[in-house]
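Working notes, beginning with the structure itself.
The values are calculated or read from the model by the stated rules, or taken from the named source; none is laboratory data. Please read these numbers as outputs of a predicted model, since none were measured by experiment. Using ideal geometry, Cβ is built from the backbone for each residue, glycine included, and neighbour counts are taken over all protein chains shown. Heavy atoms of the whole protein, side chains included, go into the accessibility calculation; ligands, DNA and RNA do not. Shrake-Rupley method; radii C 1.70, N 1.55, O 1.52, S 1.80 Å.
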Amino acid sequence: MSTTYSFQIYNSASSLPLEWNSLTPNNIFLTREYLEVLEKSSPVNMICNFIGIFKSDVLIGIALTQFLFAEKLESFGERDQCLKTSVRNFAFKKFASHVLFVGNNMLTGQNAFSFSANANQAKVYKTLHKAIKQLKKDFKERGRKVHITSIKDFTATEIEPLKAEFKNNYTFSTQPNMVFDINESWKNEQDYIDALSKKYRDQYKRARKKADGIVKQKMSLAEITAHEDVIYDLYFHVAKNAPFNTFFLAKNHFRIFKEIMKENFLFYGYFLDEKLIGFNTLIKNGNVMDTYFLGYDEKIQRERMLYLNMLYDMIAYSVNQGFSEIVFARTALEIKSSVGAKPIKMYGLLTHSNALINHNIAKLFNYLEPKTDWQERNPFK
């Protein structure tokens, strides 16, 4: 007797099946709580959907999709003007302003789906494919045709079985994910410092000296709420200077994150003369520490090597707390490499709804994703 696989599409975390979290024991980014954060404070131009895959009536797979659209962005205010420009540059409007991501465009790594161990992989992927087609149909009926579909981020081995199901997709590779492996013998920050070669120990000392007088403080929900406007300005300053953005966070994002994720979400403020001049955020994901968004005052960051100090602080905390690795994600590859993070090549699949464009998708992609030249460092002895 053949077992039927089916899917269900949800648009709210509150309507997810009760057993949802049992399918993501090792990844906080697919849990009902995290998906609730996304739902309650997603970027203005993003719609999130959640897919349940069933074998008969048993939930055996879960997936996240994010639909990003360029229209409806208000044309007033620096933030939306900025977003409009970057999305337009990213999108060529007519050909790529509607992008459906299977996975999470706000994070790096495999946060697209999770399946139970006894699920038939080929059947699960086939069912996921059907769900994606249905979702596209739903969007089209609401007047939003999906131009580009992207399934991301996978390692070289993870992508192979997906390629078998999604045949006409272009396999692309973006900037690597910078991952810092914590040596098992390190018990505290000093062990990390001792492992650095002289050149990089000197860099560490110089950075720490520059940060004299800056007070770092773990912030509570009440403090995050009280500083919400300043936090957003600091975040926005960094975000708008990124090569391009496909979204900007909602103003309430960090507050909602802290409210729902509690101690799994850490928010550190950096103060100078009692004024908030920077912040960074961390997410505990099992024994892995994920770095998240940060913000700073550019003038102070340059004078005080604030960004580098933040990286050292994240390493110190993660080593002290016994985490096994830190996901530093993309961007600022060289400086992350200088503190000890290593690049991991990530792949995704891409398809365009227009057959002609799809045929030339490699060219389009290379135009959208400019190559980054950077030099890998090795700071250890």
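Quick rundown of the values:
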item	result
Accessible area in square angstrom per residue, the chain, 1.4 angstrom probe	46 Å²
Entries of Lys152/Lys381; Lys152/Lys251; Lys210/Lys371; Lys187/Lys342 with Cα pairs more than 30 Å apart	Lys152/Lys381; Lys210/Lys371
All aspartates and glutamates inside 17 Å of Lys133 as judged from Cα atoms, apart from same-chain residues fewer than 8 positions distant	Glu141, Glu165
Spatial separation of Cα centroids for the stretch 102-159 and the stretch 318-367, in angstrom	17 Å
Helix 198-210 vs. the chain, principal-axis angle (Cα, 0 to 90°, nearest 10)	80 degrees
DSSP-assigned coil residues among GluC sites (Glu not before Pro) in the stretch 260-358, each with at most 10 further Cβ atoms within 10 Å	Glu274
Counting DSSP beta bridges with both ends in the stretch 178-343, the antiparallel % (nearest 5)	90 percent
The chain, relative contact order in percent, only Cα pairs under 8 angstrom and at least six apart counted	21 percent
Three-way shape call for the stretch 127-251 based on the alpha-carbon gyration tensor, with the a/c threshold at 1.5	oblate
Percent carbon-and-sulfur accessible area, the chain, ignoring ligands, DNA and RNA, probe 1.4 Å	52 percent
